[in-house]
Amino acid sequence: MPAYLLLQAARDGQGIVNTKRMFVEEDLRAGRLVCLFEDSVEDVPVGYFLVRQPGPMREPLKRFIAWLKRQAQTGSAPAAARV
């Protein structure tokens with residue numbers, strides 16, 4: 001979903017959005033949005049976050065997770081995956 005739609009939905013009270021503060025600074029000052037919490041890059045360790053639905057994992061997902069863990073251990077993950 002385009003970022004501008006996510007931001008507009010948050011402004012309309014339809015949920016929350018995770019974005020850079022610079023994109024919502026004016027909304028925060030005007031009271032259209034409220035900051036729930038802030039994390040700085042220095043406070044968050046570099047890593048991967050795997051989010052999935054509860055229940056048994058299908059085999060392709062198991063293989064992907066195993067590959068991702070191997071890449072993280074060797075430090076050879078593609079630069080885009082390290083963001």
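The values are calculated or read from the model by the stated rules, or taken from the named source; none is laboratory data. Given the structure is predicted, the values throughout are model-derived calculations rather than measurements. Because the Cβ atoms are built from the backbone with ideal geometry, glycine has one as well, and the counts that use them run over all protein chains shown. Each accessible area value is taken on the protein alone, full model and side chains, heavy atoms only, with ligands, DNA and RNA left out. Shrake-Rupley method; radii C 1.70, N 1.55, O 1.52, S 1.80 Å.
Annotations
- Selected residue (only one of Val24, Val83 is modelled with pLDDT under 85 and hydrophobic (A, V, I, L, M, F, W, C)): Val83
- Remark: pairs (first residue in the stretch 9-23, within 12 Å of Glu38 (Cα to Cα) and basic (Lys, Arg); second residue open to solvent by less than 80 Å² (accessible area, probe 1.4 Å) and not in a helix (DSSP H, G or I); Cβ separation under 9 Å; 6+ apart in sequence or on different chains) = Arg21/Cys35.
- Any hit, the stretch 41-57, residues being modelled with pLDDT of 90 or more and touching a Lys or Arg at 6+ places or on another chain (Cβ under 7 Å): no
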